[in-house]
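One structure below.
The values are calculated or read from the model by the stated rules, or taken from the named source; none is laboratory data. Please read these numbers as outputs of a predicted model, since none were measured by experiment. Here the Cβ positions follow ideal geometry from the backbone for every residue, glycine too, while neighbour counts run over all protein chains shown. Note: areas computed on protein heavy atoms with side chains; ligands, DNA, RNA excluded. Shrake-Rupley method; radii C 1.70, N 1.55, O 1.52, S 1.80 Å.
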Amino acid sequence: MTHTPITREDRNICIDCKSRMQDVLETARFTDEERAFLDKPKRVVTLSVPVTMDSGEVRTFNAYRVLYNNALGPGKGGLRFHPSVEIEEVKKLAFLMTLKCALVHIPFGGAKGGVEVDPRTLSSGERERLARAVMREMHPFLGERTDIPAPDVNTNAEIMGYMVDEYARIKGAFIPGIITGKPLPLGGSKGRETATALGGAYVLKEYLKQHRRDITDITVAVQGYGNVGGHIARILDSWGARIVAVSDSKKAVYCEEGISCAATYTTREKTALPTDPSYQDLTNEALLELSVDVLIPSALSHQITAENAHRIHAPIILEMANDPVTPEADRILAEHDIVVIPDILANAGGVVVSYFEWIQNNTNEYWDEERIERELEVRMTRALAEVLTQQDTATRANLRSHSYRCALERIFEAERARGRLTRR
Ligand code: NAD
């Protein structure tokens with residue numbers, strides 16, 4: 001399992017999300033009661049999880065689960081293993097999940113969880129025992145109608161498999177809808193690996209269509225060539241877009257005639273940058289500043305800042321990474337009429353397919369890849385259309401503000417229907 005550094009990226013996301021929400025709450029017509037309502041999470045659980053290590057010694061790990069809001073349905077959000085997991089950040093990430101689920105109209109609230117552990121220090125046996133022990137301690141707070149975890153930083157289908165099995169042992173019944181991102185034989189969904197990238201590609205295709213443009217007419221630069229960036233580059237290439245530059249943490253490559261990404265789709269080295277003698281090397285900074293139609297940051301947070309925003313030439317930015325554009329950069333890009341399709345919309349495809357997995361588990365009817373893709377397209381394009389509709393009626397606010405506003409309005413509407421907020 002690869003170890004992912006998270007701390008800086010997630011701090012960025014949490015701080016920016018809060019300041020963006022404040023902006024929206026101040027400008028939109030929300031009541032004082034509504035403004036205060038989402039200040040705190042609904043439930044915060046702190047657990048001590050004892051695990052017997054290979055040495056025979058027992059170590060106790062801290063684990064957290066936050067259910068931020070459940071107005072629209074059971075909590076949904078990842079469970080991560082990381083040494084710097086801490087409760088305030090888990091709360092904010094659970095809040096972000098609340099907005100994301102509401103925005104793409106899936107009947108889930110927002111949740112997040114974490115275990116304070118450096119997974120690199122665990123043997124595979126210790127990792128399995130930790131996953132099972134976490135489920136034993138956390139299960140009173142989870143449920144397919146209560147709160148549903150998923151893989152996150154440093155957790156994966158294997159960990160979800162151990163956890164769903166442990167839950168079955170506790171309950172005496174196999175209940176696959178308790179967790180998503182499971183291995184296929186345990187009720188996982190087809191299409192999960194490419195869901196985030198495909199969801200973003202559908203949003204972009206629809207955005208272009210709404211502006212009377214076609215995907216085959218555009219040039220694209222993609223920063224990051226991992227699960228999200230690699231897949232979206234291949235998908236857009238296979239749909240006829242011209243991918244002129246791609247990068248990873250080591251370098252960027254450029255080719256005016258187009259880089260062949262789709263051809264590497266089925267190779268084992270799926271995260272290796274495409275190579276060809278005709279491709280030129282480029283710096284990552286230069287990739288961001290290319291004159292392309294669409295720039296797709298798919299690597300890290302805070303790549304477009306007040307420092308380089310003036311030099312961005314792409315008229316459309318599709319945020320596949322979380323928080324790649326800072327709030328200061330947002331303002332500069334808006335002055336230059338650059339459209340940012342925000343992360344909470346562009347990269348929501350993963351949680352949508354998690355929802356499909358939950359539906360399949362609950363109905364015991366399993367969908368083929370074609371149906372997953374069709375349903376994903378419907379959800380993503382509808383979410384975009386709703387955000388764009390808001391844009392028609394509002395004044396000079398950006399797609400990010402509209403997205404936050406759409407999500408908040410839906411949550412408050414459900415809260416009012418439940419009688420937890422005063423009816424207007
Ligand atoms: P990943 O680890 O699979 O890939 C990250 C890629 O970015 C790698 O190719 C890496 O080499 C590259 N990279 C790292 N530093 C770079 C730099 N300075 N310049 C250029 N490239 C750099 O990660 P991922 O799962 O593809 O996630 C990427 C982003 O998308 C993250 O912000 C993540 O939070 C977000 N995201 C991912 C998912 C998902 O389903 N995987 C869902 C929502 C959001």
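With the convex hull constructed from alpha-carbon coordinates only, region 43-178 shows a mean projected area of 7.6 nm² over all directions. Computed from point charges on the beta carbon alone (+1 for Lys and Arg, -1 for Asp and Glu), the dipole magnitude for the chain about its Cα centre is near 1420 Debye.
Listed cross-link partners 42/76; 91/112; 42/182; 40/91; 42/92; 100/182 are compared with a 18 Å cut-off, the Cα-Cα value being larger for 42/182; 100/182. Starting from a Cα-only point model with no solvent, please compute log10 I(q)/I(0) by Debye for region 195-347 at q = 0.09, 0.18, 0.20 1/Å. After summing over all Cα pairs, the log10 values are -0.23, -1.01, -1.27.
Would you mind estimating how fast region 157-259 diffuses translationally, via Stokes-Einstein at 4 °C and 1.567 mPa s with the Kirkwood radius over Cα pairs, in µm²/s?
It comes out at roughly 81 µm²/s.
Work out, step by step, the length gained on full extension between residue 272 and residue 260: first 0.36 nm times the residue separation, then minus their alpha carbon distance; give nm to one decimal.
Details: separation 12, 0.36 × 12 = 4.32 nm, distance 1.25 nm.
Once the chain is fully extended between residue 272 and residue 260, it gains 3.1 nm.
In terms of packing, defined here as the mean over residues of other Cβ atoms within 10 angstrom, the peptides 312-321, 160-169 line up highest first as 312-321, 160-169. The helix-based estimate of mean residue ellipticity at 222 nm for the chain, built from -39,500 (n - 2.57) per DSSP H run of four or more residues and divided by its residue count, is -13500 deg cm²/dmol to the nearest 500. Rounded to the nearest 20, the Cβ-based charge dipole of region 195-347 about its Cα centre (Lys and Arg +1, Asp and Glu -1) stands at 460 debye.
Rounded to the nearest 5, what % of the DSSP beta bridges within the chain are antiparallel ones? Don't skip to the end; give the middle numbers.
Details: 23 of 49 bridges.
Percent antiparallel among DSSP bridges in the chain is about 45.
In nm, what is the difference between 0.36 nm times the number of residues separating residue 213 and residue 59 and their Cα-Cα distance?
Details: separation 154, 0.36 × 154 = 55.44 nm, distance 5.77 nm.
Full-extension gain reported as 49.7 nm.
Across the options 240, 297, 327, the greatest Cα extent toward the positive end of the charge dipole of the chain (unit charges at beta carbon of Lys, Arg, Asp, Glu) belongs to 327.
Per-residue packing, averaged as other Cβ atoms within 10 Å, sorts the ranges 288-295, 184-191 into the order 288-295, 184-191, beginning with the highest. For region 162-179, putting each phi into the Karplus relation 6.51 cos²θ - 1.76 cosθ + 1.60 with θ = phi - 60° gives couplings of 4, 5, 5, 5, 5, 5, 4, 5, 5, 8, x, 7, 7, 10, x, x, 5, 8 Hz, in residue order, rounded to whole numbers and with x for Gly and Pro.
Surface composition of the chain: carbon plus sulfur atoms hold 48% of the accessible area, using a 1.4 angstrom probe and ignoring ligands, DNA and RNA. Karplus-derived 3J(HN,Hα) values for region 319-330, using 6.51 cos²θ - 1.76 cosθ + 1.60 with θ = phi - 60°, are 7, 8, 6, 7, 6, x, 10, 6, x, 5, 5, 3 Hz; glycine and proline are entered as x.
A Cβ-based charge dipole, computed about the Cα centre of region 114-257 with Lys and Arg at +1 and Asp and Glu at -1, lands at about 260 debye. Each 10 Å bin from zero up to the one holding the largest Cα-Cα distance in the chain carries the following percent of pairs: 5, 22, 32, 26, 13, 3, 0.
The Cα-based radius of gyration and maximum Cα-Cα distance (Dmax) for region 299-424 are 17.5, 52 Å.
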